[in-house]
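The values are calculated or read from the model by the stated rules, or taken from the named source; none is laboratory data. Keep in mind that this is a model prediction, so the values were computed, not measured. Methodologically, a virtual Cβ is constructed for each residue, glycine included, from the backbone with ideal geometry; neighbour enumeration extends over all protein chains shown.
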Amino acid sequence: MKPPVPDPLLTPAMRSVASAMARAKRLPFYSMTALQARQAYAAGAGVLELPVRVLVQVQDFTLPARDGAALPARLYLPRLAEVDERPWPTLLYFHGGGFTIGSIATHDVLCRELSHAADCAVVSVDYRLAPEHKFPTAANDAWDALQELVKAADSLGLDASRIAVGGDSAGGTLAAVCAVLARDAGLPLALQLLIYPGCAAHQDTQSHHTFAHGFVLDEPSITWFFNQYIRTPADRDDWRFAPLNAPDVDNVAPAWLGLAECDPLVDEGLLYADKLRAAGVAVDLEIYRGVTHEFIKMGRAIPEALQAHAAAAMALRQAFGCKQ
């Protein structure tokens, strides 16, 4: 029997959501096949989301991966551009889901909100998922998508000189990896937008113990996700799985980190913020108190989700040099 959620740690709204989830008695992802888990996540992805925001343009296209695979992508534009306006600054977004679940569709509302609030283009990418595609496929796909987006920027009406990378959870990991690879390739990025990213090789921080059960993302699910993705235990120590293991992060793009206080991943997010700062990288760190992993997608119920949307959008506007 899982212990009850410790009420004092959660906001009343988050406590209500956690209680409702517990009463629903849904099967945990780790009891399912990967396909069943994807279907279950997709079915529940929009329950606590804001209403779908209508944007001026939402366009599906593909970006090529190094092995010839076509990676589905979706371009969001918030409004009609003015006649003399520069091409759109762009956030390349990678969805969360433990490298195993999630899609463009499950993060559609969030990407629409970011596009609107930041007044920028957003390109969301469906990198290939585990266990069909093991490590480092997701990392390779993310980096390939970034390079190909830069090449295609003109044809899409995007500004190749103002590109940011971002993502939540596993997508935040991929964004952090892209920031290091972009630094190595001499590709300047405006920002890395990291929403409760996975950064560590092993689940051994205090927050992994404190929030192991009853806080939306639990330890058995994390272990299950990672076991879908990695080929051998040695993959965990590769910096493309665990950015905290990167040899150095000097001169990577500035970072905005949005972390949830009651999240197994919060400590490793703090450690990565410290690593970036120690390397002289500008870091804007926001810790949202009393909420759990996945809160960013609960805008209908959790006020902190709306605060995070606004803060992330402001960070993007500033990084892109847009009007405030």
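Below, the figures for the structure above:
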{"read-out": "Hits in region 261-273 - residues which are in contact with a strand residue (DSSP E or B) (Cβ under 8 Å, 6 or more places away or on another chain), crowded, with 18+ Cβ neighbours inside 10 Å and in a helix (DSSP H, G or I)", "value": "Val266, Gly269, Tyr272, Ala273"}
{"read-out": "Considering residues of region 44-66 that are aliphatic (A, V, I, L, M) and surrounded by 15 or more Cβ atoms within 10 Å (Cβ to Cβ) only, the residue nearest to the chain's Cα centre (by Cα)", "value": "Ala45"}
{"read-out": "Residue satisfying all of: in region 255-294; free of Cβ contacts under 8 Å to residues at least 24 places away in the same chain and of a type outside the set (A, V, I, L, M); nearest to Thr210 (Cα to Cα) among these", "value": "Asp274"}
{"read-out": "Region 274-293 - residue that is within 17 Å of the chain's Cα centre (by Cα) and crowded, with 22+ Cβ neighbours inside 10 Å and, of those, nearest to Asn251 (Cα to Cα)", "value": "Tyr288"}
{"read-out": "Residue in region 212-220 that is of a type in the set (Val, Ile, Thr) and modelled with pLDDT of 95 or more present", "value": "no"}
{"read-out": "Residue in region 39-55 that is β-branched (Val, Ile, Thr), touching a strand residue (DSSP E or B) at 6+ places or on another chain (Cβ under 7 Å) and at pLDDT 95 or above present", "value": "no"}
{"read-out": "Complete set of residues in region 114-143 that are within 14 Å of the chain's Cα centre (by Cα) and not in a loop (DSSP other than H, G, I, E, B)", "value": "Leu114, Val122, Val123, Ser124, Val125, Ala138, Ala139, Ala142"}
{"read-out": "Residue satisfying all of: in region 101-136; basic (Lys, Arg) and out of contact with any Ser or Thr (no Cβ under 6 Å at 6 or more places or on another chain); surrounded by the most Cβ atoms within 10 Å (Cβ to Cβ) among these", "value": "Arg112"}
{"read-out": "Pair list, Cβ < 8 Å and 6+ apart or interchain, from region 18-40 residues that are touching a residue at least 40 places away in the same chain (Cβ under 8 Å) to residues that are assigned to a helix (DSSP H, G or I) and among the polar types (S, T, N, Q)", "value": "Pro28/Ser221; Phe29/Ser221; Tyr30/Ser221; Tyr30/Thr223; Ala34/Gln228"}
{"read-out": "In region 224-248, the residues that are in contact with a Leu (Cβ under 9 Å, 6 or more places away or on another chain) and over 27 Å from Val291 (Cβ atoms)", "value": "Arg240"}
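Here is a yes/no grid of residues against (1) under 30 Å from Asp218 (Cα atoms); (2) part of a loop (DSSP other than H, G, I, E, B); (3) more than 15 Å from the chain's Cα centre (by Cα); (4) of a type in the set (Lys, Arg):
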position	(1), (2), (3), (4)
Ala42	yes, no, yes, no
Gly68	no, yes, yes, no
Pro72	yes, no, yes, no
Leu80	no, yes, yes, no
Tyr93	yes, no, no, no
Thr106	yes, no, no, no
Val109	yes, no, no, no
